[in-house]
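Structure first, commentary second.
Bear in mind that the values in this text are calculations on the coordinates, not laboratory data. All values derive from a computational prediction rather than experimental measurement. Cβ placement follows ideal geometry from the backbone for every residue including glycine, while neighbour counts extend to all protein chains displayed.
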Amino acid sequence: MKLTRSFRYAWAGLKYCFASQLNFRLHLLFAVAAIGCGFALQVSNLEWLVIAGCIATVLSLEMLNTAIEKLCDLVHPGPHPQVKIIKDVAAAAVLVAATGSAVAGLIIFVPKACQLIFN
């Protein structure tokens, strides 16, 4: 019963992020594109592992960023310099993960696409 309730809460959080967070939906769109490219370019098991890890990291950090923003808004609804720093750092964590994921995607997909195009 507790486990079912935990999954229900987690699913509600996922639905909230999808419904309310444009950046989450954009990251999800890129994730679907990466999965499509992975199938089209027949990536290896190790490359799938990297892709899955990148997707999970970026989406998880985006959800944590949303949670941190909501908590900050609850604790201090008005503008505050410390709250700004907290929100900026949380957003930067997502940016770092997304940038790293994009680099990993380029490393995996560009050589395979070039080989497909030029051979």
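Under the membrane-span-like helix rule (DSSP H runs whose alpha carbons stretch at least 30 Å along the helix axis, mean Kyte-Doolittle hydropathy 0.0 or higher), the chain yields 45-75, 81-118. Determine which aspartates and glutamates satisfy two conditions relative to Lys112: a Cα distance under 14 Å, and not lying fewer than 8 residues away in the same chain. Answer for Lys112, where 14 Å is the Cα cut-off: Glu47, listed by chain and number. What are the aspartates and glutamates whose alpha-carbon lies under 18 Å from the alpha-carbon of Lys87, with same-chain residues fewer than 8 places away excluded? Partners within reach: Glu62, Glu69, Asp73.
What you get for the range 2-118, charging only the Cβ of Lys and Arg (+1) and of Asp and Glu (-1), is a dipole of about 400 debye around the Cα centre. Rounded to the nearest 500, the helix-only mean residue ellipticity at 222 nm of the chain stands at -32000 deg cm²/dmol, with each DSSP H run of n ≥ 4 adding -39,500 (n - 2.57).
How fast does the chain diffuse by Stokes-Einstein, in µm²/s, taking the Kirkwood radius from C-alpha pairs at 20 °C and 1.002 mPa s? Reported coefficient: 132 µm²/s.
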